[in-house]
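What follows is a short report on a single structure.
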Ligand code: HEC
């Protein structure tokens, strides 16, 4: 059996275990299952939940609230990574919907600021609306908690056309989430299924040695959705040389408990907040050991990049010498 089908079966089992009532009541989630109530998008448009956002589409649905200081920014950043990998389909066959679990406070404007911090392209809609109606939609998707902070950090994947629905975790390997959402498309399952690609371990050109470092593993999973080292600002600032530009104690506090730094009106953080609008560095529950590993990884990676950057210059000087030699050689030949 193809791995995709095994995955779907496993996901379906989880789904029916989580909401047996739902699965029993309706053989498929569809027109008669989802509310078609009016909801508001981050752009202030009014749309119908089922007709405009679900009908005939493959969707990835997440649950967020904009004042969330821990997991929702990370969940959303990880979905941004998935979206980066499905550029060929996003806004065409595959759509992302992020539903607030705090409709009382999340106005379209707040959703817009949050959304813009993560993604500016087509195919991703953030929605809010009348609290009762939004809660009814959340409940249909298995998200029944009354308190925003209790909401599930899961995502729901579905294809309205085939009636296949599954739960997934935004903290699974991004490659697997990509595979799971693509797998919702029967055409992709038929023609483009490439198990080797999906099963290949994630590698980068730094090889296995660095990959085994605890700091690198943590960084890749928890920080890389928002930060790069040396590839520019993303959702958060580029962390190249951050161990040089900030002192260790501040860095430690920033990684372990940015909320406390913010509460203390730390000026450095206030400046960063002003630059990175709509999203805050979340409290990610990093221990002192995790933090030390991360700082050591950041220092090492920055040094490695400095070395690499020093090399092209050396090559350039070398090229230049070659050209000069060639030129000299030519000029002696010519006359
Ligand atoms: C959801 C996105 C997100 C995630 C995940 C995240 N950060 Fe951040 N980070 C930010 C933002 C945004 C800022 C800018 C400060 C602010 O506005 O809160 C920031 C700032 C920082 C800074 C200060 C940078 C500077 O220039 O001084 C450090 C250090 C940092 N993050 C480290 C980490 C580490 C390490 C992890 C992983 C454990 C991580 N971050 C995970 C969004 C994120």
Query - Cα convex hull of the stretch 207-321, projected area averaged across orientations, nm² - result: 8.6 nm²
Report task. Please say if the stretch 207-273 is rounded, prolate or oblate, where rounded means a/c under 1.5 for a ≥ b ≥ c the square roots of the C-alpha gyration tensor eigenvalues, and otherwise the choice is prolate for a/b larger than b/c and oblate otherwise? Result -> prolate
Query - Per-selection metrics, the stretch 61-149 (Cα): Rg and Dmax in Å - result: 12.7, 37
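The stretch 102-188: percent of C-alpha pairs farther apart than 21 Å?
44 percent
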**Report entry** Potential lengthening between residue 249 and residue 267 on full extension [0.36 nm per residue; Cα-Cα distance subtracted]
**Finding:** 5.0 nm
Query raised in the report: Separation between the residue 274 and residue 113 pseudo-spin-labels, each 7 Å from Cα along Cα→Cβ, expressed in nm?
Result: 1.6 nm
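Each value in this text was obtained by applying a stated rule to the coordinates, not by laboratory testing. Every value quoted in this text rests on a predicted model; they were computed, and no experiment measured them. Don't worry about glycine lacking a Cβ; one is built from the backbone with ideal geometry, like all the others, and counts go over all protein chains shown.
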